[in-house]
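Quick notes on the structure that follows.
The values are calculated or read from the model by the stated rules, or taken from the named source; none is laboratory data. These numbers come from a predicted model, not from an experiment. Because the Cβ atoms are built from the backbone with ideal geometry, glycine has one as well, and the counts that use them run over all protein chains shown. Remember, those area values only see protein heavy atoms, side chains included, never the ligands or the DNA or RNA. Shrake-Rupley method; radii C 1.70, N 1.55, O 1.52, S 1.80 Å.
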Amino acid sequence: MDAKNRIQEEKLFNILNPKKANKEFKITIRFQKHLTKKYEQAALLARENKYFMEEGQGEFYKIYVSFFPENVEELYRIFELVKDQETTRIYLNNKLIPYIQDLWLFLMWFYKIA
């Protein structure tokens, strides 16, 4: 199953099970292929994640990798490698949320400190 279908299934599950979906949150980073060493490092780290998904080929190849609060260290490492890329997107429970990078990721960094 490709990444888009899996994400659609998760969205449907969240709609049908709002009590469970609202108890936990998941941050997903989507980044595209680019020719840098940081990309190669991020792709290697992403493939080790159990929530790794990919789609597309060639210049349209995208990697999706998801994290829960207990995985904040992994999230931080990958985010630092791909944050400067224009095509990087961050999702909260599979939704693009305004100010996600400034607010939600900031809140996740508190888990890193604790």
Determine whether segment 37-55 contains at least one residue that is open to solvent by less than 60 Å² (accessible area, probe 1.4 Å) and of a type in the set (Ser, Thr, Tyr).
yes
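Considering only segment 16-114, give the helices (runs of 4 or more DSSP H) lying wholly within it that have at least 3 residues that are in contact (Cβ under 8 Å) with a residue 40 or more places away in the chain.
Details: elements: 18-21, 37-48, 72-82, 105-113.
Those helices (runs of 4 or more DSSP H) span 37-48, 72-82, 105-113.
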For segment 67-87, give me each residue that is within 19 Å of HIS34 (Cβ to Cβ) and surrounded by 18 or more Cβ atoms within 10 Å (Cβ to Cβ).
ILE78, PHE79, LEU81, VAL82
State yes or no: is PHE31 at pLDDT 85 or above and in contact with a Phe, Trp or Tyr (Cβ under 8 Å, 6 or more places away or on another chain)?
yes
Selected residue (only one of ILE100, ILE90 is surrounded by 15 or more Cβ atoms within 10 Å (Cβ to Cβ) and within 24 Å of LEU35 (Cβ to Cβ)):
ILE90
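Only one residue in GLU74, GLU54, GLU70 is modelled with pLDDT under 90 and charged (D, E, K, R). Which one? Show your work before the answer.
Details: GLU74 fails: modelled with pLDDT under 90; GLU54 fails: modelled with pLDDT under 90.
Of GLU74, GLU54, GLU70, the one residue that is modelled with pLDDT under 90 and charged (D, E, K, R) is GLU70.
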